[in-house]
Amino acid sequence: MDDLSARSAMAPPRAKKIPRQLLAHGRVRVDDYYWLRERENPDVLEYLTAENNYADQVMAPIKPLEDALFQEIKGRIKQTDLSVPFKLGKYYYYVRYEPEREYGIYCRKYQTLDHPEDIMLDANILAQGCDFFSLGNWMISSRQDLLAYAVDTQGRRIYTIHIKNLVTGEVLQDCIPETTGNMDWANDNRTLFYSKQDPETLRAHQIWRHVLGTDVEKDELVYEEKDETFSTYVFKTKSKDYLMIASHQTISSEYRFLDANHPSGDFCILEPRERGHEYDVEHYNGRFYIRTNSQAKNFRLMVTSVDHPEQHYWEEVIPHREHVLLEGIELFQHFMVIEERIEGLIHLRVVPWQGDEEYEIDFGEAAYYVTFGDNYEMDTSLLRFGYTSMTTPMTIYDYNMETRTQVLLKREEILGDFDVAQYHTERLHARAADGTAIPISLVYRTGFVPNGQAPLLLYGYGSYGASMDATFSSSRLSLLDRGFVYAIAHIRGGEELGRTWYDDGKLLKKKNTFTDFIACAEYLRDQHYADPQKLFAMGGSAGGLLIGAVTNLRPDVFTGVVAQVPFVDVVTTMLDETIPLTTGEYDEWGNPNQKEYFDYMLSYSPYDNVEAKAYPHLLVTTGLHDSQVQYWEPAKWVAKLRTLKTDSHRLILKTNMDAGHGGASGRFTRYKETATIYAFLLDIAGLAGVS
C-alpha cells in the first residue's frame, strides 16, 4: 500500500444512520443522513468536529508544505497597499492596508490627494474579538458628512447597519440590525433606505425607510416583495436623481423609482413584471436607459422619458444582435460606454452623445478580461476600467474618451520574482458530444511542452449565466511554479458565448454542463496537456454541484477533485421552501414539485447518485454558517460516500466552524484554505517535495 493509500486508510469518522423516508410524486427516498441538518444537535457538531480532526490527521504529514504554501502565497501580497482613489463629490476615497493587518482602513481626502487623510473606518479595530468579520456595503450621504456601513460577524450575511458622523467621529444611535447590508441615502442627507431578509429563508424581501434620529423600531416599510421567487434591493442612480427598488428572479425583473429629493413619497413602477422579461435601468438627462431582453435574447438598449416609463414608449438605441451579448452600459455627461461580450471576450465601445463617431477601445491582446471600475461621476471624460488576463495582474486605467489615451494608475504588485514573461496562456476548444465547441482557457509556465506528463487542474462553474473569465491569480503561481497547468472550462450554463450558452446549460438541459466539463477534461488529456494520472478538477457552490455530478458520471477521468461549499443535495434542498435561495432557484434548476423536473434533477443530484464504486481522492470544504449552500449538503454527501465508495482514496471534509459561504475573513487568513487545497493536490500529484 502506498503512502497516500496508507494515510487514507486511517479510520475515518462514520456518521450514524438514522433512516428517514422522503416522499415526492408517490416515490419514497430513504435519506440516512437527514439528521445532519439539525444545526443545534450536539451530535452534529461532534460529527463535524470529528471530520475536522480526521482531516488534520490525514493531512498531518504535509502540514509543513501547507504552512509553507500559505507563507509563500502571503509573501506575494504587498503588506502596505493602497487602492486607487476614486472621486465622489468633493472627496477622494480609498482603502489602505498596513503590514500584518487583516482588514482595510477606509479613508478619504478633501478635494486633492495632497490633502491630509481622514480615516473613516478602521476595520481592524471593528473586527477585534471576532472570529469572523465582514465589512459589507458602505455608503456616503449626499452632503458627505455621514457614513452608513454594514457589519457581519457570523458569516451568514446578516448585517447590522451603523451610521457614523464623519465630522464629529460619533457613531450614532441609529443602529439597524438584521439587514441584508444593502442600503442607500436619499438626497435630504437624513433618510436611509435599506433591505431586510426573511428570517427563515434569508430572501431579501423588504425595503424600509429610516429617518435619522428616529426610533428604528418605527421605521416605515415602503415595499414588500411577496413573490417568493423574487428578491429585492434598493440603489440610487448614477445621476443621483432617483432611488430605485429592484425586484429580480432568475428570468424576470421589475423596477420602481422615486425622486431622491423627495424621499417621503411613493415609489412608482417603471414597467410591471412579466415572466421572462429581464431589464435593468439607469438614468441620465431626464430619461431612463433600459437594457432589456424583450424581443432580444442577447438584450438591446432602449430609452424613454421619466414621464412616460411604460414599455410602449420605449425607443431603441442599440438593436439586438445574434452574436453579441449586451452586458451593460456606463453613462457620462458627454459619452456612453457600452460593455459587450463577443466570442467570449468583453469589448468596450465608446459612443459620444454628439459629434464624433463611436469607437472601440483596443486592448491589444487576443485573450483578456476587462471590467468597469469606480465611475461615480457623470461630468468627466475619464472612464476607469480594470484589465487582467491569466498572465497579467489586475491593472487599473483611466481612459480619456476625448483624446483616446489611457493612463496606468496601478497594477497589482506581486512580490518576489514574478515576471509576466515566465507564463503563457492560450485558448483551446474541446468538442462536446453534440458537436458544440467548448472554449478552454489555459495558463502554464513558459517552456511547458504538452507531452502528457504534467499535472493539470481544471476549474469550472457553469450556472446562473455567470461567465468564468480568464483572470489572474497570484496564489495560483504556487501551482504553476511547481509544474501544474491550470485550465478553465467555459462550459454551458455560463454566458461566455451569449444567452443561448446559458439557456443550454440550465433546467432540462443542465446535464450539458457536466458532459461539457468531461469533454474538456478528456480533450486536455488526449492532447497531452495533462498526465492521465494527474488530472484534477475543482469547483465551488454551483460549481461544486458540477464536481459532484462529474465525479459520479466519470470517476475514472480524475485522479482527485476539490469541491468547495458544494451544492450536492439538489432534490431535497429544492423541495424545501424554508431553505435560503430555494424558491428563487426554480427557473435555474426547475421546480421539483413538477414531476418532470423532479425526475430530471434526481437523475444527476450528486448525493442521490452516489454508488458503490471507486471514486477519486476528494477534498470537500464547507462553512457551518453558510447561508447559500447549507453545511449539511457536503456533510451528508461525504457521509454517504464513506459508506458506499469501494476505494481507499482520501475523502476529506473540512468545515470552517466560524465562517459561511465565502470562507474565512481577512486578506491573509482566507488563503489558508487555498494552501490546504494546493497541498492536497501537490501531494497526490507526487510534487509535495517540489519547492
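Here, each number is a calculation from the coordinates, and none is a lab measurement. For clarity, every value in this text was computed on a predicted model and none was experimentally measured. Cβ: placed from backbone, ideal geometry, glycine included. Neighbour counts: every protein chain shown.
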Return the whole-Å distance between the Cα centroid of the range 149-206 and the Cα centroid of the range 394-431.
36
Compute the separation of the alpha-carbon centres of the range 530-572 and the range 117-132 and state it in Å as a whole number.
38
What spacing in nm lies between the two simple spin-label points modelled at ARG20 and GLU377, each 7 Å away from Cα in the Cβ direction?
5.7
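Mind putting a number on the dipole of the range 117-174 about its Cα centre? Charges go on the C-beta only, +1 for Lys and Arg and -1 for Asp and Glu, and I need it in Debye to the nearest 20. Can you show the working numbers first?
Values: 4 positive and 8 negative charges, 54 e Å.
About 260 debye.
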In nanometres, what is the gap between the two model label sites at ALA366 and PHE668, each 7 Å from Cα along Cα-to-Cβ?
4.1
For LEU409, which sequence-distant residues (separation of 5 or more, or a different chain) have an amide H within less than 5 Å of its own amide H, given hydrogens modelled in the peptide plane?
ILE396, TYR397, ASP398
For the pair ASP658 and HIS308, the simple spin-label estimate (label points 7 Å beyond Cα toward Cβ) gives in nm 6.0
Stretch gain in nm, segment ARG404-ASP576, where the contour uses 0.36 nm per residue and the Cα spacing is subtracted:
56.5 nm
Using volume of the Cα convex hull per residue in Å³ as the read-out, say which of (i) 225; (ii) 237; (iii) 164 was calculated from these coordinates.
(iii)
Selected from ILE438, THR551, LEU331, residue furthest toward positive end of dipole (the chain; charges at beta carbon)
THR551
For the chain, find the longest principal axis of its Cα atoms and tell me its angle to the long axis of helix 542-553, 0 to 90°, nearest 10.
20
Among THR168, PHE448, LEU65 - extreme Cα towards positive end, dipole of the chain, charges at beta-carbon
LEU65
For TYR279, the residues 5 or more places away or on another chain with a placed amide H closer than 5 Å to its own amide H are SER253
Take every Cα pair under 8 Å in the range 291-356 that's 6+ residues apart, average their separations, divide by the length, and report that relative contact order as a whole percent.
23
HN-Hα couplings for the range 114-129 via Karplus (6.51, -1.76, 1.60; θ = phi - 60°), in whole Hz with x for Gly/Pro, come out as 8, 6, x, 7, 10, 8, 7, 9, 10, 5, 5, 6, 4, 7, 4, x
What angle do you read, to the nearest 10 degrees and between 0 and 90, between the alpha-carbon axis of helix 63-75 and the longest principal axis of the chain?
20
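Could you size up the charge dipole of the range 324-414 around its Cα centre, putting +1 on the beta carbon of Lys and Arg and -1 on that of Asp and Glu, and report it in debye to the nearest 20? If you can, show how the numbers build up before the last one.
Working: 6 positive and 18 negative charges, 45 e Å.
With only Lys, Arg, Asp and Glu charged at Cβ, the dipole is about 220 debye.
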Ranked from highest to lowest mean number of other Cβ atoms within 10 Å per residue, what is the order of the peptides 325-336, 214-225, 244-255, 627-638?
627-638, 244-255, 325-336, 214-225
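Would you please give the FRET efficiency between ASP215 and VAL420, computed as 1/(1 + (r/R0)^6) with r the Cβ-Cβ distance and R0 = 45 Å, to the nearest 0.05? Spell out each step's value before the answer.
Details: r = 57 Å, r/R0 = 1.26.
E(calc), rounded to 0.05, equals 0.20.
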Under the Karplus relation 6.51 cos²θ - 1.76 cosθ + 1.60, θ = phi - 60°, what is the ordered set of whole-Hz ³J(HN,Hα) values for the range 640-657, x standing for Gly and Pro?
5, 4, 4, 6, 9, 5, 9, 9, 10, 5, 5, 9, 10, 10, 10, 10, 7, 6
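Multiply the residue separation of ASP259 and VAL30 by 0.36 nm, subtract the distance between their alpha-carbon atoms, and state the gained length in nm to one decimal.
Numbers: separation 229, 0.36 × 229 = 82.44 nm, distance 5.51 nm.
Full extension of this stretch gives 76.9 nm more.
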Given Cβ point charges of +1 (Lys, Arg) and -1 (Asp, Glu) and nothing else, what value in debye, to the nearest 20, does the dipole of the chain about its Cα centre take?
1720
Given 88-100, 20-32, 303-315, the highest-first ranking by average Cβ count within 10 Å works out to 88-100, 303-315, 20-32
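Mean separation of Cα pairs under 8 Å and 6+ residues apart, divided by the residue count of the range 324-414: what relative contact order is that in percent? Before the final figure, lay out each step's value.
Details: 178 pairs, mean separation 16.5, N = 91.
Relative contact order for the range 324-414 comes out at 18 percent.
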In terms of the charge dipole of the chain, which places +1 on Lys and Arg and -1 on Asp and Glu at the beta carbon, the residue among PRO99, ASN52, ALA296 farthest towards the positive end is ASN52
Summing +1 per Lys or Arg and -1 per Asp or Glu among the other residues with Cβ less than 11 Å from ASP469's Cβ gives -1
How far is helix 42-59 tilted off the main Cα axis of the chain, in degrees rounded to 10, range 0 to 90?
70
For the chain, what's the relative contact order in percent, using C-alpha pairs closer than 8 Å and at least 6 residues apart?
11
Too-long pairs where the Cα-Cα distance tops 25 Å, listed order kept, from LYS90/LYS164; LYS226/LYS297; LYS534/LYS613; LYS511/LYS613; LYS534/LYS636:
LYS226/LYS297; LYS534/LYS636
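What number, rounded to the nearest 500 deg cm²/dmol, is the helix-based mean residue ellipticity at 222 nm of the chain, given -39500 (n - 2.57) per DSSP H run of at least four residues and division by all its residues?
Numbers: 13 runs with 124 residues, N = 691.
Taking each H run of at least 4 residues, the total per residue is -5000 deg cm²/dmol.
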Checking the cross-link filter: which lysines have an alpha carbon closer than 20 Å to that of LYS63, excluding same-chain neighbours under 8 positions apart?
LYS74, LYS654, LYS672
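Could you compute the net charge surrounding ALA186? Neighbours are other residues with a C-beta less than 14 Å from the C-beta of ALA186; K and R count +1, D and E count -1.
Result for the local shell: -2.
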